[in-house]
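Chemist: First the structure, which I've put down as C-alpha cells, then a few questions once you've had a look.
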Amino acid sequence: RAPFFKQELKEFLLLTRDTGLDACRIKGSYAGAMGLPQFMPSSYRRLAVDFDNDGKRDLLDNPVDAIGSVAHYLQRHGWRAGAPVTGEVQLRGTLYFWAEKLGLKPSLSVRQLADYGVFPRRRDDPERRAALISLVGEDGPVYRLGYDNFYAITRYNLSKHYAMAVVELGELIRQRMEENPSS
C-alpha cells in the first residue's frame, strides 16, 4: 500500500499548492481522507466541484460543495438517476451460493441469476445486470440484488454494509420528504 499513500501525499501537496490551503492546518483521517465528504486528496483534485458557484471548490467547510462533489463522484463511478439501487429477492435451491461469490459488481443479468435460484420480488428488466448481495441481519443473512447504482456507492466506500446504510438512509429521507413536502 506504500505506493498508494506516497501518491496520495503527492496529490495532497499539489492540492494545497493549487488551492492555497495550509498543509499544516488541514485535518483528516489517519489514512488521509479529508473534508466533509472524506475524500482522498486524489479524489478531491479530480472530482471536487464548486457546486455553489463561489469560485472555489471547498470540501473542508462548505456543505453545498461537499454534497455536489459526492454526487459528482457517484456519477463518475456509474450512478444513473432514476435507476434502481437494490431490490428484494426470493431464493430457491442452493445454487444462489455461487452467484453470491461473484462479488459486488453486477456481472449477471437478472435472467442469468434465475439459473442460480435468484428471483427479484418485483418485475425487473431480465437483461439488467445485478449482483447478489448478502448482508448480516438480526436473524441471519439478508439477501438483496445490487444494481449498478449500489456498486457506484461501493466505489465511494468498499463496505457493502456502508452502501446499504446509505440506501436505507436515502429511502427514509425520501419518505419523510414525501410526507412533509414543505420541510
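Chemist: Considering only residues that are at pLDDT 95 or above and of a type in the set (D, E, K, R), look in the stretch 9-41 and name the one that is most open to solvent (accessible area, probe 1.4 Å).
Modeler: The selected residue is Arg17.
Chemist: Right, next: Out of everything in the stretch 133-143 that is touching a residue at least 24 places away in the same chain (Cβ under 8 Å) and open to solvent by less than 60 Å² (accessible area, probe 1.4 Å), what residue ends up being farthest from Ala33 (Cα to Cα)?
Modeler: Of everything passing the filter in the stretch 133-143, Tyr143 is farthest from Ala33 (Cα to Cα).
Chemist: Which condition number does Met177 fail, the rest of (1) open to solvent by less than 80 Å² (accessible area, probe 1.4 Å); (2) assigned to a helix (DSSP H, G or I) being met?
Modeler: Evaluating Met177 over (1) open to solvent by less than 80 Å² (accessible area, probe 1.4 Å); (2) assigned to a helix (DSSP H, G or I) leaves (1) as the failure.
Chemist: Just wondering, is there one or more residues in the stretch 58-79 that are assigned to a loop (DSSP other than H, G, I, E, B), under 18 Å from the mean Cα position of the chain (by Cα), surrounded by fewer than 19 Cβ atoms within 10 Å (Cβ to Cβ) and of a type in the set (Gly, Ala, Ser)?
Modeler: yes
Chemist: Please work out which one of (1) part of a helix (DSSP H, G or I); (2) open to solvent by less than 70 Å² (accessible area, probe 1.4 Å); (3) closer than 23 Å to Trp98 by Cβ; (4) free of Cβ contacts under 8 Å to residues at least 60 places away in the same chain is the condition Val166 fails and give its number.
Modeler: Against the list (1) part of a helix (DSSP H, G or I); (2) open to solvent by less than 70 Å² (accessible area, probe 1.4 Å); (3) closer than 23 Å to Trp98 by Cβ; (4) free of Cβ contacts under 8 Å to residues at least 60 places away in the same chain, Val166 comes up short only on (3).
Chemist: Just the residues that are among the basic types (Lys, Arg) and without any contact (Cβ under 8 Å) to a residue 60 or more places away in the chain, please, taken from the stretch 56-110.
Modeler: Listed by number, the residues that qualify are Lys56, Arg57, Arg76, Arg92, Lys101, Lys105.
The values are calculated or read from the model by the stated rules, or taken from the named source; none is laboratory data. Keep in mind the model is a prediction, meaning the values are calculated, not measured. Note: ideal-geometry Cβ built from the backbone for every residue, glycine included; neighbour counts use all protein chains shown. Only protein heavy atoms, including side chains, enter the accessible area calculation; ligands, DNA and RNA are left aside. Shrake-Rupley method; radii C 1.70, N 1.55, O 1.52, S 1.80 Å.
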